Structure formats: structure tokens, C-alpha cells
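The values are calculated or read from the model by the stated rules, or taken from the named source; none is laboratory data. Keep in mind that this is a model prediction, so the values were computed, not measured. Here Cβ is always computed from backbone atoms with ideal geometry, including for glycine, and neighbour counts include all displayed protein chains.
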Amino acid sequence: DLDRLDAADRQTPLFGVNRAALYSFNEADHGHRDGSSLRTYAQGRATEHGIDLTGGRVMLLCYPRLLGYTFNPLSVYFCYRVDGGLALIIYEVRNTFGDIHAYALPVNPDEVSHAGIRQQQDKLFYVSPFVEMAMRYHFRISPPADSVQLRILEIDHEGPLLAATFKGHRRALNTEELLRSFCALPLVTLKIVAAIHWEALRLWLKGVRLVPRQNAAIDESLAIGKSREYTSPVLSARSKR
């Protein structure tokens, strides 16, 4: 909760906000990456779509820093109106080159169902040297409650290419839980980065064609048009070649 960062900073000596600790959250890792208020950043993105978040909550789903280091392939902002309705989701994407791009998508009534929120977005940001730019993201997400779930399907004109999922459960922010997490998943961020590069090496050794890196600001003409719906959880065999 971006309105409760001061309270989170006082919960346990093992967690710090904008300061060093075993686990920490730093506003400079997100948004404009200059240390400015992320709440203000989210409101600015909402204003671009005519959405007023005054009095509403803004929740950010991301990995914290561990021993001062973090890498978030995807961070998600859940932006609520004062009446509690989810108005906007911001998908903040990073690549391993240090670039960052945010897709701010208003939540429309026809995107909401018992299975979660389904949204689509053309790919406008270079992420992987093994995936073309002419792609479309299909997001399916369950907003934070006792648990949170996120699934991203990346498709092109031939169909599904890559699927990624995340599922997490709410835990108390206290010393006991943080110690338990550290013992169960030490250096989790380094493992994420290592896994990304290991998979890239495997694809390169298989002879998968490299896609040249684009500039951080992508020409929107590279995006494909509206794609057909695709809901199968099966990973396309094309991504395994």
C-alpha cells in the first residue's frame, strides 16, 4: 500500500523503506526511478486516462530488495477509486539492459469476471533478444486479497509463444516471516536473474535467431493489431525450438 510506506518502515528492523535493511523497498526502483513519490506517479498515469484516484488506494506488487539488490521483470500497480473500485492497472516491465516501460490500462467492466481481470496490450517495449516486437500481451490477473495471481500470455499472428505465471499469498510483515522467507528462498533475486540468463544461453545454443535490441522508446507502428482471444494455458512448442 503506497499510502502506508511510513508504517511499513516501522514494522520490523529487517525491512526498510528507502533505506538499507535485509529486505527493503526503494521508490527509486520504480516509476520515474528518481526517488519521487510513487503514489504521485500512479495518479499522474491515471490522470492521463481521466481517472481520479483521490482517496483511493494504490497497491504495488513487486519483489523487494534483498541485501540491497532486486530485479523485477514485472511490477504491477493496482489503482483504486475512493469507492473501492479497481480503476487502473499499471504493468511496469523491465529488461536486463536496465530499461523500463509501463503499460497503464484502465479496467473496463467487460474485462472483469469471476476468473479475474483480462486485459490486452500490444508489445511496445524490447524485453528479450529471442522474442520479436510484433507481439500482443494477454493479461489475466486476480487483484490482491489473501492471495494474488497473474498470468501473461504472449502471442503473435501464429498463436501463443510464451506463458508466464505468478501466484503469491499474503503474509504478515514481521521479523519472524522475513527470517522464514530468507531461509527458504535465500538470494531469490539473484536466482531470477541467473535463470533468465541461463534460459537465454540455452536458446542461443539451440540456434534461435537473435532480435536486435530496440531503443527504450518503441515506435507504436511496430505493434500488431487486435488479436484473437486465446485462453489455453499450454506453452507453444515454437518457444522451445
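The table below lists the values:
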| quantity | calculated |
| --- | --- |
| Filter pass, Tyr91 being surrounded by fewer than 18 Cβ atoms within 10 Å (Cβ to Cβ), in contact with a Ser or Thr (Cβ under 9 Å, 6 or more places away or on another chain), of a type in the set (Ser, Thr, Tyr) and within 29 Å of Leu201 (Cβ to Cβ) | no |
| Scope the stretch 11-35; condition closer than 19 Å to His101 by Cβ and surrounded by fewer than 14 Cβ atoms within 10 Å (Cβ to Cβ); matching residues | Ala28, Arg33, Asp34 |
| Given (1) more than 20 Å from the chain's Cα centre (by Cα); (2) over 23 Å from Ala145 (Cα atoms); (3) buried (at least 20 other Cβ atoms within 10 Å of the Cβ); (4) of a type in the set (Gly, Ala, Ser), index of the condition Gly56 fails | (2) |
| Qualifying positions in the stretch 118-147 - surrounded by fewer than 19 Cβ atoms within 10 Å (Cβ to Cβ) and β-branched (Val, Ile, Thr) | Val131 |
| Qualifying positions in the stretch 166-198 - surrounded by 11 or more Cβ atoms within 10 Å (Cβ to Cβ), modelled with pLDDT of 85 or more and not acidic (Asp, Glu) | Phe166, Gly168, Arg171, Leu173, Asn174, Thr175, Leu178, Leu179, Arg180, Ser181, Phe182 |
| Residue tally, condition more than 13 Å from the chain's Cα centre (by Cα) and among the β-branched types (Val, Ile, Thr), over the stretch 75-95 | 1 |
| Filter result for Gly35 (part of a loop (DSSP other than H, G, I, E, B), farther than 27 Å from Asn108 by Cβ and among the small types (Gly, Ala, Ser)) | yes |
| Matching residues, the stretch 4-20, being within 16 Å of Cys62 (Cβ to Cβ) and in contact (Cβ under 8 Å) with a residue 40 or more places away in the chain | Ala8, Phe15 |
| Single unsatisfied condition, Ala20 versus (1) of a type in the set (A, V, I, L, M, F, W, C); (2) under 27 Å from Met133 (Cβ atoms); (3) not in a helix (DSSP H, G or I) | (2) |
| Unmet criterion (only one of (1) within 17 Å of the chain's Cα centre (by Cα); (2) crowded, with 16+ Cβ neighbours inside 10 Å; (3) under 22 Å from His32 (Cα atoms); (4) not aromatic (Phe, Trp, Tyr)) for Gly98 | (2) |
| Output for the stretch 42-88, where each listed residue is farther than 22 Å from Ala20 by Cα and in contact with a Ser or Thr (Cβ under 7 Å, 6 or more places away or on another chain) | Val82 |
| Cβ-Cβ under 8 Å pairs, at least 6 apart or on other chains, the stretch 128-156 side on the phi > 0 side of the Ramachandran plot, far side crowded, with 17+ Cβ neighbours inside 10 Å and among the hydroxyl-bearing types (Ser, Thr, Tyr) | none |
| Matching residues, the stretch 106-117, being hydrophobic (A, V, I, L, M, F, W, C) and either surrounded by fewer than 18 Cβ atoms within 10 Å (Cβ to Cβ) or out of contact with any strand residue (DSSP E or B) (no Cβ under 7 Å at 6 or more places or on another chain) (or both) | Val112, Ala115 |
| Any hit, the stretch 52-60, residues being in contact with a Lys or Arg (Cβ under 7 Å, 6 or more places away or on another chain), assigned to a strand (DSSP E or B) and free of Cβ contacts under 8 Å to residues at least 60 places away in the same chain | yes |
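Conditions tested, residue by residue: (1) in contact with a Gly (Cβ under 9 Å, 6 or more places away or on another chain); (2) among the charged types (D, E, K, R).
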position: Leu38; (1), (2): yes, no
position: His49; (1), (2): no, no
position: Pro73; (1), (2): no, no
position: Val82; (1), (2): yes, no
position: Gly85; (1), (2): yes, no
position: Glu92; (1), (2): yes, yes
